[in-house]
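The values are calculated or read from the model by the stated rules, or taken from the named source; none is laboratory data. Since the model is a prediction, treat every value here as computed from it, not as a measurement. Quick reminder, even Gly has a Cβ in these numbers, built from the backbone with ideal geometry, and neighbours come from all protein chains shown. Just the protein is used for accessible areas: all its heavy atoms, side chains included, with ligands, DNA and RNA removed. Shrake-Rupley method; radii C 1.70, N 1.55, O 1.52, S 1.80 Å.
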Amino acid sequence: MTILTAAQQQLQTQARDFVRTELLPVANELDPQHADIPWSIVDRMAELGYFGILIDREHGGLGLGMTEYCLIAEELSRGWMSAASVIARANGIGAGVSDLHWRDDILRRQARGQWITAGAFSEPEAGSDLAAISCHAERRGDVYILNGEKRWCGWAKAADAILLLARTAPGRRDGLDVFVVEKPRGEFPAGITGTPIPKIGYHGITSWQLQICDLEVPATHLQLAPDGHSGNGFAMFATLVNWGRLHTAARAVGAARGALEDATTYAQQRVQFGKPIASFQAIKFRLADMATQVEAARALYLSAASLYDAGLDCQKQCSMAKLFASEVAEHVASSAMQVLGGNGYTTEHAVERHWRDGRLTQIFEGTSEIQRTIIAQHLLRETSTP
């Protein structure tokens, strides 16, 4: 078990109280309606500093690390996984634009929850194979003209900006760049139209399929590498991979924990054959296995997060944490539904939400198959002989 510092425990307790008293009631009401997270909750998370966990204090953030970020993400996901996903759309992401003064302003706005982005990376024919991007950008004077299609762009309409991956040169990885498309909240800019994607879960955040037609983006909104060169979009995306997988592992643990806690409470209250079902050995053993799996998944992501915070190579550990936690999330939530019996197969209880949300964690930020490939590649390199 990872021992948290007093400051980390305080942060965790604050997030847990917020989820119990404010987020969870809203999630229970709005998720069945497939409604988005209300702005009142977004603003409240901003007040608590959750959009600036990873942003330094100089720019108004909390100046904390990946460990603290994951702890908060787990707590938020215990209530509604979408809430943890929204805070990922700030926290310094997308602030590496070429204009330094603009970057500083973005960081300050992010820390206040006033500059929340959406990521337009995947396409109908480019998911796991992100280098197959076909959306293209053509330079015309001081602007780029973008055309193409994007899929799985969550929060796209609600966002303050869209980070859009497009091809600026032929090839695969070397010909990609990230553009910052600023826009009003609740609207698409001229050149973008969107269609909501119908999903079985992960409500709270609408996911969009975007059509991009002659979208004009200022050339200054292209994100350049530190050396001032373009064509580094794939590399920039790759630098966020470990961050995203740790975040997903924490979200998966939060969903699993929600299912476990709900099932435990239900088992103590549900009476059959004259006594609570929690008194039956079959239920006890099921709950014990669920709790052990949740604890193990949390320990794995915290271990990987500590390596991340130390600046060490942790790609293998991040993939392991994401793989294990995501599969635990589905298994634990499914077991929770079994504890509830027929009631678990209704929308009257939140365990089915935790199952639907937890199931997604095996897919986004790299599927379980991608994680196994990465882990195996590391193992083979580590054990290869000269």
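Data table
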read-out	value
Search result, residues across the stretch 298-322 that are free of Cβ contacts under 8 Å to residues at least 24 places away in the same chain and open to solvent by 50 Å² or more (accessible area, probe 1.4 Å)	A310, G311, L312, D313, Q317
Residues of the stretch 161-188 satisfying the condition of being open to solvent by 20 Å² or more (accessible area, probe 1.4 Å), of a type outside the set (K, R) and without any contact (Cβ under 8 Å) to a residue 60 or more places away in the chain	P170, G171, E182, P184, G186, E187, F188
Selected residue [touching a Pro at 6+ places or on another chain (Cβ under 9 Å) and within 20 Å of L176 (Cβ to Cβ)] from L222, L215	L215
Subset of the stretch 243-269 [more than 19 Å from E295 (Cβ to Cβ) and surrounded by fewer than 24 Cβ atoms within 10 Å (Cβ to Cβ)]	W243, G244, Y266, Q268, Q269
Qualifying residue in the stretch 328-338 (condition: touching a Ser or Thr at 6+ places or on another chain (Cβ under 8 Å), touching a residue at least 40 places away in the same chain (Cβ under 8 Å) and not aromatic (F, W, Y))	yes
Condition met for E330 (assigned by the TED database to the domain that holds A278, open to solvent by 70 Å² or more (accessible area, probe 1.4 Å) and closer than 18 Å to K199 by Cα)	no
Looking only at the stretch 374-386, and only at residues there that are within 26 Å of the chain's Cα centre (by Cα) and of a type outside the set (V, I, T), the one that is most open to solvent (accessible area, probe 1.4 Å)	Q377
Any hit, the stretch 284-297, residues being crowded, with 22+ Cβ neighbours inside 10 Å and either over 24 Å from the mean Cα position of the chain (by Cα) or more than 26 Å from L23 (Cβ to Cβ) (or both)	no
Pair list, Cβ under 6 Å, 6 or more apart: the stretch 189-201 residue touching a residue at least 40 places away in the same chain (Cβ under 8 Å), other residue in a loop (DSSP other than H, G, I, E, B)	G194/A156; G194/F188
Cross-chain or 6+ apart pairs with Cβ under 9 Å, the stretch 213-224 first and in contact (Cβ under 8 Å) with a residue 12 or more places away in the chain, then among the polar types (S, T, N, Q) and part of a strand (DSSP E or B)	C213/N147; C213/T193; D214/N147; L215/N147
Every residue from the stretch 329-373 that is over 15 Å from the mean Cα position of the chain (by Cα), assigned to a helix (DSSP H, G or I) and of a type in the set (A, V, I, L, M)	V332, A333, A336, M337, V339, L340, V351, I370
Residue list for the stretch 169-194, filter: over 15 Å from A90 (Cα atoms), at pLDDT 95 or above and of a type in the set (V, I, T)	I192, T193
Count of residues meeting criterion [in contact with a strand residue (DSSP E or B) (Cβ under 7 Å, 6 or more places away or on another chain), assigned to a strand (DSSP E or B) and either open to solvent by less than 80 Å² (accessible area, probe 1.4 Å) or of a type in the set (D, E, K, R) (or both)] in the stretch 123-146	7
Selection count where residues are in contact (Cβ under 8 Å) with a residue 60 or more places away in the chain and in contact with a Lys or Arg (Cβ under 7 Å, 6 or more places away or on another chain), scope the stretch 366-386	3
Pairs with Cβ under 6 Å, 6+ apart, first in the stretch 35-62 and assigned by the TED database to the domain that holds E75 and closer than 18 Å to G79 by Cα, second hydroxyl-bearing (S, T, Y) and open to solvent by less than 10 Å² (accessible area, probe 1.4 Å)	I37/S82
